[in-house]
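The values are calculated or read from the model by the stated rules, or taken from the named source; none is laboratory data. Here the structure is a predicted model, which means the values were calculated and not measured. Positions of Cβ are backbone-derived with ideal geometry, glycine not excepted, and every protein chain shown enters the neighbour counts.
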Amino acid sequence: MTHPVVSPLLPPLPSGIDADDARLIDRLQRGVPLTERPFADLAAELHTTEVQIIERLGHFLSDGTLTRFGPLFQIERVGGQFILAALQVPEARYAQVTAQVNNLPEVAHNYRREHRLNMWFVIAAETPAAAWAACDHIQALTGLPVHAFPKEREYFVGLYLPLLEPLSHAVRPPPAAQATRVKTVVLTEFDRQLMTTTQAGLPLAQRPYDTVAALLTVSAQQVRERLAELLAAGVVRRIAAVPNHYRLGYNANGMTVWDVDDAEVDRLGELIGSQPAVSHCYRRPRKPGIWRYNLFAMLHGHTRAEVLTQAEAVAALLGPACHAHEVLFSSAILKKTGLRLRQAI
């Protein structure tokens, strides 16, 4: 019998966020409709007004409560690659190296973590060659070895940090389309224009897709229809808000890493990825003499004790197939922009 990863009851809402704000933030994380006036549709659902939703969303983005709002792209569905990589940065050089790494548009996320490998970043590029070239560039630029851990298998991706329900009871946003997992979508020039226009976020307007369409000199219907097709193909995971963990009170965020028997890791990875407290779960390569872990799972909590309790529950699920693990707590968000395609190839 297996037991789910549990979370304690939620603490009071963060300062400056009331119950109506919390309801909106939770809803925006789950995704918005591909309709002519999506904010009006959300307003009807939440018993508020379209203007209030747009104003509050703009406020959350400007004060850092939300880091992005718009399509969340899965570049691997179009032949690209994500690579998680780490550096061991001397403290005296940390600010300098942070600036060097963050300056690359291919760096989608960057976190400081409490470990000898103290900087962890995600490279997102349109081709594997470009992703690996970015790793090589960072190594040449910083003079530090880049330890790369490309994704070998994805078990779950669906960040959702609710304010009005505990993680243990939350129904997470569905993962990207499963039926087309192995297929690669060939981007058209219109697709690239659509992605580069929306990758920084959707306009905060009553008809956001009309605004995008005007920039692309096409109809709003074409924009909505193509985004719907990209959603169905998994190229767009969802159209939603991305939260700032800390601003929502999730002050403990641990990248847990596990040394799991290779023969069991896929079965167990699917199990761990199904747990409510897990927002990301992947199989990644080991590096003999440097890194023994092959299963990565992100856990989130309001306190470190909460995350460590979740990690104990993961360990119980893994059982004797797991030989060691660590919890790498993040201590700072260094960059969080998401995918950025270059304007021209």
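Evaluate segment 232-240: report whether one residue or more is among the aliphatic types (A, V, I, L, M), closer than 22 Å to Phe73 by Cβ, out of contact with any helix residue (DSSP H, G or I) (no Cβ under 9 Å at 6 or more places or on another chain) and surrounded by fewer than 18 Cβ atoms within 10 Å (Cβ to Cβ).
Looking through segment 232-240, at least one residue is among the aliphatic types (A, V, I, L, M), closer than 22 Å to Phe73 by Cβ, out of contact with any helix residue (DSSP H, G or I) (no Cβ under 9 Å at 6 or more places or on another chain) and surrounded by fewer than 18 Cβ atoms within 10 Å (Cβ to Cβ).
Exactly one condition in (1) more than 20 Å from the chain's Cα centre (by Cα); (2) within 20 Å of Leu163 (Cβ to Cβ); (3) of a type in the set (S, T, N, Q) is false for Gln96; which is it?
(2)
Of the residues Ala277, Ala297, Ala305, which single one is at pLDDT 95 or above, touching a His at 6+ places or on another chain (Cβ under 9 Å) and either among the hydrophobic types (A, V, I, L, M, F, W, C) or outside the structural domain of Pro320 (by TED's automatic domain parsing) (or both)? Reasoning before the result, please.
Working: Ala277 fails: at pLDDT 95 or above; Ala305 fails: touching a His at 6+ places or on another chain (Cβ under 9 Å).
After ruling out the rest, the residue left standing is Ala297.
If I filter segment 159-182 down to residues being at pLDDT below 90 and within 22 Å of Leu84 (Cα to Cα), which single residue comes out as surrounded by the fewest Cβ atoms within 10 Å (Cβ to Cβ)? Walk me through it before giving the result.
Within segment 159-182, the subset at pLDDT below 90 is 165-182.
From the residues that got through so far, the ones that are within 22 Å of Leu84 (Cα to Cα) too are 175-176, 181-182.
Details: Pro175: 17, Ala176: 23, Arg181: 12, Val182: 6.
Result: Val182.
Checking Ala124 against (1) in a helix (DSSP H, G or I); (2) touching a residue at least 60 places away in the same chain (Cβ under 8 Å); (3) among the small types (Gly, Ala, Ser), which test does it fail?
Result: Ala124 fails condition (1) only.
Check segment 129-144 and report whether any residue there is in a loop (DSSP other than H, G, I, E, B), more than 22 Å from Val327 (Cα to Cα) and in the same structural domain as Tyr282 (by TED's automatic domain parsing).
There is at least one residue in segment 129-144 that is in a loop (DSSP other than H, G, I, E, B), more than 22 Å from Val327 (Cα to Cα) and in the same structural domain as Tyr282 (by TED's automatic domain parsing).
Considering (1) within 21 Å of the chain's Cα centre (by Cα); (2) aliphatic (A, V, I, L, M); (3) crowded, with 16+ Cβ neighbours inside 10 Å, say which one Leu268 fails and leave the rest.
Condition not satisfied by Leu268: (1).
Being aliphatic (A, V, I, L, M) and either in contact (Cβ under 8 Å) with a residue 40 or more places away in the chain or in the same structural domain as Gly158 (by TED's automatic domain parsing) (or both): is that true of Val51 here? Quick ask: steps written out before the conclusion?
Values: aliphatic (A, V, I, L, M): yes; either in contact (Cβ under 8 Å) with a residue 40 or more places away in the chain or in the same structural domain as Gly158 (by TED's automatic domain parsing) (or both): no.
No; evaluated as a whole, the condition is false for this residue.
Would you call Gly143 of a type outside the set (Phe, Trp, Tyr) and touching a Lys or Arg at 6+ places or on another chain (Cβ under 6 Å)?
no
Look through Ala321, Ala297, Ala315 and report the one residue that is over 30 Å from Asp191 (Cβ atoms) and loosely packed, with under 15 Cβ neighbours inside 10 Å.
Answer to the selection: Ala315.
Are there helices (runs of 4 or more DSSP H) fully within segment 191-308 with at least 2 residues that are under 21 Å from Glu326 (Cβ atoms)? List them. Before you say what the answer is, go through the steps one by one.
Numbers: elements: 208-216, 220-233, 265-273.
Passing ranges, in order: 265-273.
Name every residue in segment 82-100 that is in contact (Cβ under 8 Å) with a residue 24 or more places away in the chain and closer than 28 Å to Thr127 by Cα, in order of residue number.
Within segment 82-100, Phe82, Ile83, Leu84, Ala85, Ala86, Leu87, Gln88, Val89, Val97, Thr98, Gln100 meet the criteria.
In this structure, is Leu57 in a loop (DSSP other than H, G, I, E, B), surrounded by 14 or more Cβ atoms within 10 Å (Cβ to Cβ) and on the phi < 0 side of the Ramachandran plot?
For Leu57, the condition - in a loop (DSSP other than H, G, I, E, B), surrounded by 14 or more Cβ atoms within 10 Å (Cβ to Cβ) and on the phi < 0 side of the Ramachandran plot - is not met.
Out of segment 88-118, which residues are in contact with a helix residue (DSSP H, G or I) (Cβ under 7 Å, 6 or more places away or on another chain) and either surrounded by fewer than 21 Cβ atoms within 10 Å (Cβ to Cβ) or hydrophobic (A, V, I, L, M, F, W, C) (or both)?
Passing the criteria: Val89, Val97, Gln100, Val101, Leu104, Val107.
Among the residues of segment 68-97, how many are assigned to a strand (DSSP E or B), in contact with a Leu (Cβ under 7 Å, 6 or more places away or on another chain) and not small (Gly, Ala, Ser)?
Adding up the residues that qualify gives 4.
Starting from segment 138-161, take each residue that is within 30 Å of Phe69 (Cβ to Cβ) and list its partners that are part of a loop (DSSP other than H, G, I, E, B) and basic (Lys, Arg), counting only C-beta distances under 6 angstrom and pairs at least six apart or across chains.
Phe149/Arg284; Gly158/Arg172; Tyr160/Arg172
Here is a list of conditions, (1) buried (at least 18 other Cβ atoms within 10 Å of the Cβ); (2) touching a helix residue (DSSP H, G or I) at 6+ places or on another chain (Cβ under 6 Å), and Leu204 meets all of them except one; can you say which number that is?
Against the list (1) buried (at least 18 other Cβ atoms within 10 Å of the Cβ); (2) touching a helix residue (DSSP H, G or I) at 6+ places or on another chain (Cβ under 6 Å), Leu204 comes up short only on (1).
Can you tell me which condition Val107 does not meet? The list is (1) outside the structural domain of Ala130 (by TED's automatic domain parsing); (2) of a type in the set (Val, Ile, Thr); (3) under 20 Å from the mean Cα position of the chain (by Cα), and all the others hold.
(1)
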